[in-house]
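The values are calculated or read from the model by the stated rules, or taken from the named source; none is laboratory data. Source: prediction; values computed, not measured. When we count neighbours, we look across all protein chains shown, and the Cβ atoms used for this are built from the backbone with ideal geometry, even at glycine. All accessible areas refer to the heavy atoms of the entire protein, side chains included, with ligands and DNA or RNA removed. Shrake-Rupley method; radii C 1.70, N 1.55, O 1.52, S 1.80 Å.
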Amino acid sequence: MLVQARNLITNLALPALLSDPDGQLLFFNDAAASLLGRGFEEVGRLPREQWAREVGPFDDQGRALLADSAPIVSALQSGRPAHGRFHARLGEAGVCEVEVTALPLLEPDCFEGALVVFWPVQAAAPKTS
């Protein structure tokens, strides 16, 4: 299933990544690379703890949050989709707010990891009178 998931996210315009059941980063697509400011070829596979230190989750002051509070961890632990909002370090943009949805990748009698999509939260446009 991970091969099919990688093929799927490779062609998505939405930033996406894949993890194994332990939360290790296995792959992210070009849309994610554009936001992160570096490609998967440069980063490679990373343990969850290292990914959390480098990318997030962070609070609105840029302080690290427990990685266990991220939607990917919830999806991996519960086997159910999870959604959340936190701050992440996105390349040149620095630390900014993102929304994240994590979907567990399940096959009968097998748990393969998670597919995660994320996007920056756009500040609301000022209202005009």
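What the table shows:
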| item | result |
| --- | --- |
| Any pair with Cβ under 9 angstrom, 6 or more apart, that starts in the range 32-46 at a residue that is polar (S, T, N, Q) and ends at one that is open to solvent by less than 60 Å² (accessible area, probe 1.4 Å) | 34/15; 34/91 |
| Pick from the range 90-102, criterion open to solvent by 30 Å² or more (accessible area, probe 1.4 Å) and in contact with a helix residue (DSSP H, G or I) (Cβ under 7 Å, 6 or more places away or on another chain), ranking: farthest from residue 50 (Cα to Cα) | 101 |
| Matching strands (runs of 3 or more DSSP E) fully within the range 53-129 where at least 1 residues are small (Gly, Ala, Ser), without any contact (Cβ under 8 Å) to a residue 24 or more places away in the chain and closer than 22 Å to residue 39 by Cα | 94-107 |
| Wholly within the range 1-48, helices (runs of 4 or more DSSP H) carrying at least 3 residues that are of a type outside the set (D, E, K, R) | 2-10, 30-36 |
| Residue list for the range 24-48, filter: within 22 Å of residue 96 (Cα to Cα) and of a type in the set (Gly, Ala, Ser) | 31, 32, 33, 34, 37, 39 |
| Residue 33, sole failed condition from (1) modelled with pLDDT of 95 or more; (2) more than 17 Å from residue 111 (Cβ to Cβ); (3) open to solvent by 50 Å² or more (accessible area, probe 1.4 Å) | (3) |
| Top-ranked residue in the range 49-65 [being over 12 Å from the mean Cα position of the chain (by Cα) and within 19 Å of residue 101 (Cβ to Cβ); ranked as surrounded by the fewest Cβ atoms within 10 Å (Cβ to Cβ)] | 65 |
